[in-house]
Amino acid sequence: MLQTVYISTAQPKLPQAELRAVLDSSRRNNAAVGVTGLLVAGGRRFLQVLEGPDAAVEATLARIKVDPRHRAIVTLSRKDVDARQFGDWSMGFELGAAAGTADLKSVVDSLVSRLSDRNLAAQFQGFAEIHARAA
Ligand SMILES: Cc1cc2nc3c(=O)[nH]c(=O)nc-3n(C[C@H](O)[C@H](O)[C@H](O)COP(=O)(O)O)c2cc1C
């Protein structure tokens, strides 16, 4: 099973409704092909982990990479894993400072507290720390 993590930059002034649309299609498509993961939006940055059957993750990534709602996609990690970290989430989602919601860092801390992969947890916590107050 393939697990990949990337970071990207949202298109300027991406409307909240577009984020909703991304999440809706993610949950629908991912559930259909056995992809799970987590998407965190902090300021204008996205951090997403995708995991599942190799071909399904690759096909999902190929669509995501050409999505004009974000750019500058940088892969942070890409590896074979035996077990899922987000088995029960077709796409968990946390909206951060962009929406002026609760402190991104504490939200992400609680989200990743359940992960057995501590490196992955640290990646999300680092992201939250950097972007919690980003505009
Ligand atoms: C940051 C970001 C994350 C996304 N994550 C996913 C995802 O996990 N799964 C997915 O199918 N589409 C995801 N998308 C949307 C895809 O780029 C694409 O718009 C969508 O898969 C098209 O399918 P649809 O026609 O069913 O909406 C994401 C887009 C963005 C900007």
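The values are calculated or read from the model by the stated rules, or taken from the named source; none is laboratory data. Since we're looking at a predicted model, the values are computed, not measured. Using ideal geometry, Cβ is built from the backbone for each residue, glycine included, and neighbour counts are taken over all protein chains shown.
Residues that are part of a loop (DSSP other than H, G, I, E, B) and near the ligand (Cβ under 9 Å from one of its atoms) are absent from the range 22-31.
Exactly one residue out of Val40, Val5, Val66 is closer than 16 Å to Gly126 by Cα and either touching a Phe, Trp or Tyr at 6+ places or on another chain (Cβ under 8 Å) or exposed (fewer than 14 other Cβ atoms within 10 Å of the Cβ) (or both): that is Val40. In this structure, Val49 does satisfy being touching a residue at least 12 places away in the same chain (Cβ under 8 Å), assigned to a strand (DSSP E or B) and surrounded by 14 or more Cβ atoms within 10 Å (Cβ to Cβ).
Of the residues Glu18, Glu94, Glu51, which is modelled with pLDDT of 95 or more and among the acidic types (Asp, Glu)? Selected residue: Glu51, the only one of Glu18, Glu94, Glu51 that is modelled with pLDDT of 95 or more and among the acidic types (Asp, Glu). Can we say Val57 is assigned to a helix (DSSP H, G or I) and more than 15 Å from Thr4 (Cα to Cα)? Considered against the rule, which asks whether it is assigned to a helix (DSSP H, G or I) and more than 15 Å from Thr4 (Cα to Cα), Val57 comes out as no.
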